[in-house]
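Structure record follows, encoded as structure tokens.
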Amino acid sequence: MDTNEDSPHIRAQLEDEGSVLNSNLFLEHVGEVSLTLNSDGLSWKLLESLHNEKDGLSCLGIKFISKSETEIKFSDVYAVEFINWGLIHESVLSNAGGCLIRHESEMYRFTVHGVQRSKTRPSLLVLAVYTFGHKDLQMCHMWVNRINALLKMETGRPKSLLVFVHPLSGKGSGCRTWQTVAPIFSHAKVKTKVIVTQRAGHAFDVMASISNEELNSHDGVIAVEFERRIMLSVQLGYLVLFTNDLCVE
């Protein structure tokens, strides 16, 4: 059986409900959730929260109050991958007292990689990783395929970027900063052409002399550890500036 194809009952569910897909899966460090996919992104809600709302479960006299629905937009997702069989760590309610206990199970898994704004520092982008699991291999493949299909439909996603790295800026951490963030672009299947600048004005000279053909082959420019004035020399769709703790688009 080809596990990379959606099963007939899954395809029927998608056709009946339009672009909406819903399944019960396990979320790493959370527990069993109801995961929903639509054209905008993913959202999930802890199933035990749904039960608590109905049954009023409590622990040590404290009633559990369900948390608001959690979600991630496809515009904030840069990759999804199947990671095969392994452990999923859960937080679940015990049958006896309704108190939280830790539990782990083995199952097939897939991971959604994205970014989110820091709650304390909105200018800072924080990596977000969500690992979901299910005993059914085909179920996980179906979710990965469906998410990838919708990611490909997202407009404005870069496929090729020109990268300038200033090795001596600040504390001389330009190359180290790029080495930290480079795997993100590799994971997102974005090609990068990296130029480590050798002198002041090097990046400006490259941008001034680059041919239109090569310029049009890139979707944007990344400047690592540069002063903000470099932004004045860029005429592409957007520029991303990386420093030690800041990512500005």
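Just a few scattered comments:
- Index of the failed condition, I62 passing every other in (1) at pLDDT 50 or above; (2) aliphatic (A, V, I, L, M); (3) more than 27 Å from S105 (Cα to Cα): (1)
- Only one entry of E106, E53, E81 meets the criterion of being out of contact with any Phe, Trp or Tyr (no Cβ under 6 Å at 6 or more places or on another chain), modelled with pLDDT of 80 or more, surrounded by fewer than 18 Cβ atoms within 10 Å (Cβ to Cβ) and farther than 30 Å from D219 by Cα, and that entry is E106.
- Note on the stretch 159-188: among residues that are within 15 Å of the chain's Cα centre (by Cα) and touching a residue at least 60 places away in the same chain (Cβ under 8 Å), the one that is nearest to Y78 (Cα to Cα) is A188.
- Verdict on L125 being surrounded by 12 or more Cβ atoms within 10 Å (Cβ to Cβ) and free of Cβ contacts under 8 Å to residues at least 12 places away in the same chain: no
- Any chance V196 is modelled with pLDDT under 90 and surrounded by 12 or more Cβ atoms within 10 Å (Cβ to Cβ): no
- Verdict on H113 being exposed (fewer than 14 other Cβ atoms within 10 Å of the Cβ), closer than 30 Å to H89 by Cβ and either among the aromatic types (F, W, Y) or in contact (Cβ under 8 Å) with a residue 60 or more places away in the chain (or both): no
The values are calculated or read from the model by the stated rules, or taken from the named source; none is laboratory data. Treat the numbers as computed from the prediction; the structure is a model and nothing was measured. As a convention, Cβ positions derive from the backbone with ideal geometry for all residues, glycine included, and neighbour counts pool all protein chains shown.
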